[in-house]
Amino acid sequence: MADVKIEQSWKDELQEEFKQPYFQSLVVALKKEKANGKKIYPPGSLIFNAFNTTPFQEVKVVILGQDPYHNPGQAMGLSFSVPRGIRVPPSLKNIYKEMQQDISVMPPDHGDLTPWATQGVFLLNAILTVEHKNAGSHKNLGWQTFTNAVIQALSNHREGLVFMLWGNFARQKKILIDSRRHLILEAAHPSPLARGAFFGSKPFSQANAYLQNQGATPINWQL
């Protein structure tokens, strides 16, 4: 898949994945959906936004989401993030609440997490596309095979990263990560459906303390 528009360091790291039959099938399936008039989010240019904004060697923290938002204008290729001007979704509101409790950072009036991504926070969804108003619709296309390989590449070829696994879906990815080389922070999902179980998990302070212990610059979580 030489025509995948993805930042060069990721392209180098994942070149074998792009050649795999499952990835070829995934591309064919997406093209077929579009040809059939289905609306797919995020737009094609933003499918690899997380990769293009946070090069492989610059990743410090991984925040793993499940699949993109499925309402118009929301999905931007960064987990939990929405563009400015779009109402902040409930899960992100809870992330902001925890951030305020944990490190006294005031919640912003927008949901654009790009400033995190440019500092090394890799905002990865396990499934990179979704059909309009149909959550989880692309979970069987092959994206998880791809993003599992992404997580393993980070685990195997980088040192001292922080992996934030929120909710049961994300926590299942723990088996892909070498806990001797990286910090794994598990918590309940920030969704309101988790009835506040996410609160008190202190991921932001724990991540920065770990990064500083590794000699890395901590993340400025202020948006």
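Considering only residues that are closer than 17 Å to V62 by Cα, in contact (Cβ under 8 Å) with a residue 40 or more places away in the chain and open to solvent by 10 Å² or more (accessible area, probe 1.4 Å), which ones fall in the stretch 74-88?
G77, F80 - these are the residues of the stretch 74-88 that are closer than 17 Å to V62 by Cα, in contact (Cβ under 8 Å) with a residue 40 or more places away in the chain and open to solvent by 10 Å² or more (accessible area, probe 1.4 Å).
Return the residue satisfying two criteria in turn: it lies in the stretch 26-48 and is assigned to a helix (DSSP H, G or I) and open to solvent by 70 Å² or more (accessible area, probe 1.4 Å), and of such residues it is nearest to L185 (Cα to Cα).
Taking the candidates together, the pick is S45.
Which one of the conditions (1) over 17 Å from the mean Cα position of the chain (by Cα); (2) open to solvent by 50 Å² or more (accessible area, probe 1.4 Å); (3) more than 30 Å from A188 (Cβ to Cβ) does F23 fail to meet, given that it meets all the rest?
Every listed condition holds for F23 apart from (2).
Which of the residues spanning the stretch 89-111 are outside any helix (DSSP H, G or I), hydrophobic (A, V, I, L, M, F, W, C) and open to solvent by 20 Å² or more (accessible area, probe 1.4 Å)?
Within the stretch 89-111, just M106 meets the criteria.
Going through T118, T147, T114, T217 one at a time, which residue ends up being of a type in the set (S, T, N, Q) and touching a strand residue (DSSP E or B) at 6+ places or on another chain (Cβ under 7 Å)?
T147
Name, by its number, the condition in (1) hydroxyl-bearing (S, T, Y); (2) assigned to a helix (DSSP H, G or I); (3) surrounded by fewer than 18 Cβ atoms within 10 Å (Cβ to Cβ) that does not hold for T147.
(3) is the only condition that T147 fails.
Go through the stretch 112-131 and count every residue that is open to solvent by 50 Å² or more (accessible area, probe 1.4 Å) and in contact with a Gly (Cβ under 9 Å, 6 or more places away or on another chain).
Number of matching residues: 0.
Could you give every pair whose Cβ atoms fall below 8 Å, whose first residue belongs to the stretch 19-30 and is under 16 Å from G44 (Cα atoms), and whose second residue is outside any helix (DSSP H, G or I) and modelled with pLDDT of 95 or more, counting only separations of at least 6 or pairs across chains?
That search, which allows pairs on different chains as well, returns F23/G142; L26/L141; L26/G142; A29/L141; A29/G142; L30/I40; L30/T129; L30/L141.
Looking at (1) open to solvent by 20 Å² or more (accessible area, probe 1.4 Å); (2) in contact (Cβ under 8 Å) with a residue 40 or more places away in the chain; (3) not aliphatic (A, V, I, L, M), which one does Q15 not meet, given that it meets all the others?
Every listed condition holds for Q15 apart from (2).
Of all the residues that make up the stretch 198-223, how many are outside any loop (DSSP other than H, G, I, E, B), farther than 16 Å from T54 by Cβ and among the small types (G, A, S)?
Of the residues in that region, 2 qualify.
Could you say whether any residue in the stretch 49-59 is open to solvent by 20 Å² or more (accessible area, probe 1.4 Å) and aromatic (F, W, Y)?
No, the stretch 49-59 contains no residue that is open to solvent by 20 Å² or more (accessible area, probe 1.4 Å) and aromatic (F, W, Y).
Is it fair to say I184 is under 30 Å from P107 (Cβ atoms), touching a strand residue (DSSP E or B) at 6+ places or on another chain (Cβ under 7 Å) and among the β-branched types (V, I, T)?
It is true that I184 is under 30 Å from P107 (Cβ atoms), touching a strand residue (DSSP E or B) at 6+ places or on another chain (Cβ under 7 Å) and among the β-branched types (V, I, T).
Starting from residues that are charged (D, E, K, R) and touching a residue at least 24 places away in the same chain (Cβ under 8 Å), keep the ones in the stretch 168-223 and report whichever is surrounded by the fewest Cβ atoms within 10 Å (Cβ to Cβ).
Ranking the qualifying residues of the stretch 168-223, first place goes to R181.
I'd like the residue in the stretch 47-70 that is of a type outside the set (S, T, N, Q) and more than 13 Å from the chain's Cα centre (by Cα) and, out of all such residues, is farthest from S9 (Cα to Cα).
Once the filter is applied, the top-ranked residue is H70.
The values are calculated or read from the model by the stated rules, or taken from the named source; none is laboratory data. Keep in mind the model is a prediction, meaning the values are calculated, not measured. Positions of Cβ are generated from backbone atoms using ideal geometry, with glycine treated the same way; all protein chains shown enter the neighbour counts. Note: areas computed on protein heavy atoms with side chains; ligands, DNA, RNA excluded. Shrake-Rupley method; radii C 1.70, N 1.55, O 1.52, S 1.80 Å.
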